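Q: Starting off with a structure, shown below.
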Amino acid sequence: MNKPNLTVDIAGLRLKNPVLTASGTFGFGSEYAPFVDLNRLGGIVVKGLTLEPRLGNPPPRMVETPAGILNSIGLQNPGVDCFLAEHLPFLRQFATPVIANIAGNSLQEYVAVAEKLTGASGIAALEVNISCPNVKRGGLQFGADPSAAAQVTRAVKKATTLPVIVKLSPNVTSIGEVARAVAEAGADALSLINTLAGMTIDIRRRRPALGNITGGLSGPAIRPVAVRAVWEVYQAVKLPIIGMGGIVCAADALEFIMAGARAVAVGTANFLNPGATMEILSGIERFLEENEIGDINELVGIAHE
């Protein structure tokens, strides 16, 4: 049997395989270059970018939990201009699409970041983090409200010619409803899920363990929630899905694909094992060969049949 086809299409973006990195867990790529062949990845999703540099939340900002981690980094990043000047040139030397994750506290900020990235060479798509507070609406997250999520999507779509991938939050009543809203607003693809809201208390200090009190839960503990979300969104809209949430091995990744994801993003596993993406990719290929499946796309959504 010939080598199976691993190529997937996400909103016109042709990826050599379905394994990407999850934003916020892979830095700007250079941090993992000693451990990972960046040319083998399907895509690199970089750390979230804002218009101005952000210092992030007060420490402690990360704490271990059973089968996962709780983090409250607060979108610490050097700002979009610094990324373009100091980090993007390194990524341009690889034959792997770079997807920029963007965030903002207002529609204007999202638009400004999108415009700056659109004019740069070497960016293949934008991933829009809508789990950010909308300051004009009392701190309500854009992603928690379908109409606000649609507003952000529409604004970014108007500001860019790049494919727009909207990253959905699981901290909502109906993720399918939010997916439909952003699809109608023009999203080209979806990625899900972002972290689950959580907190933990240090019983010795008798205080919350995180400096910001609450944070985002990620890792294997959230995988069943994430697979369910992908299943629901696959039924709700026809957009391509990038699935993520607790993927640590090839079997985990294949669950997401069978639930409806066309590609997957590996996040927390990168902290545990810097070579996780390569092992997952090899495992997917081995599964296809052992089961005589010639094309990874044959498995997308197969559990619905």
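Taken together, the values in this text are just the output of simple stated rules run on the coordinates, not laboratory data. Values in this document were obtained by computation on a predicted structure and should not be read as measured data. Here the Cβ is made from the backbone with ideal geometry for all residues, glycine too, and neighbour counts use every protein chain on show.
Q: Assigning unit charges at the beta carbon (Lys, Arg +1; Asp, Glu -1) and nothing else, what dipole magnitude in debye, to the nearest 20, does region 8-304 show about its Cα centre?
A: The dipole magnitude comes to about 1020 debye.
Q: Next up: Taking 25 Å as R0, compute the FRET efficiency from the Cβ-Cβ separation of ASN2 and ARG40 and round it to 0.05.
A: Calculated transfer efficiency: 0.85.
Q: If you don't mind, there's one more thing I want to ask. What helices does the chain hold that run 15 Å or longer along their axis, going by alpha-carbon atoms, with a Kyte-Doolittle average of -0.5 or more, using DSSP H for the helix calls? Don't jump to the answer; show the numbers that get you there.
A: Values: long enough: 107-118 (16 Å, 0.27); 146-159 (20 Å, -0.11); 223-236 (20 Å, 0.17); 276-290 (21 Å, 0.18).
Span-like helices in the chain: 107-118, 146-159, 223-236, 276-290.
Q: Could you name the lysines in cross-link range of LYS167, using Cα to Cα under 29 Å and dropping any fewer than eight places away on the same chain?
A: Excluding near neighbours in sequence, the set is LYS16, LYS47, LYS116, LYS136, LYS157, LYS158, LYS238.
Q: Using DSSP, restrict attention to beta bridges with both residues in the chain and report what percent are antiparallel, rounded to the nearest 5. Please report the intermediate quantities before stating the final value.
A: Numbers: 18 of 43 bridges.
The answer is about 40 percent antiparallel.
Q: Just the C-alpha atoms of the chain: what Rg/Rh do they give, with Rh taken as the Kirkwood radius?
A: Using Cα coordinates only, the ratio equals 0.95.
Q: If you don't mind, another one. In what sequence do THR7, THR153, THR161 fall when counting other Cβ within 10 Å, fewest first?
A: Placing the least packed residue first, the sequence is THR161, THR7, THR153.
Q: Got a sec? Charge dipole of the chain, +1 on Cβ for Lys and Arg, -1 for Asp and Glu; which of ASN57, ASN5, ALA120 is way out at the positive end?
A: Farthest towards the positive end: ASN57.
Q: Here's another thing I want to ask about it. Give, in whole angstrom and from largest to smallest, the semi-axes √(5λ) of the equivalent ellipsoid of region 202-305, with λ running over the eigenvalues of the Cα gyration tensor.
A: Result for region 202-305: semi-axes of 31, 18, 9 Å.
Q: To continue, here is another question. Starting from the Kirkwood Rh over alpha-carbon pairs, what translational D in µm² s⁻¹ does region 30-105 have by Stokes-Einstein at 25 °C and 0.890 mPa s? Present the calculation step by step, with values, prior to reporting the outcome.
A: Details: Rh = 14.1 Å.
Stokes-Einstein gives a translational diffusion coefficient of 174 µm²/s.
Q: Report Rg/Rh for region 132-274, rounded to two decimals, where Rg is the Cα radius of gyration and Rh the Kirkwood radius.
A: 1.01
Q: Which one, ILE247, VAL237, SER282, is farthest towards the positive end of the dipole of region 175-283 when Lys and Arg carry +1 and Asp and Glu -1 on their Cβ?
A: ILE247
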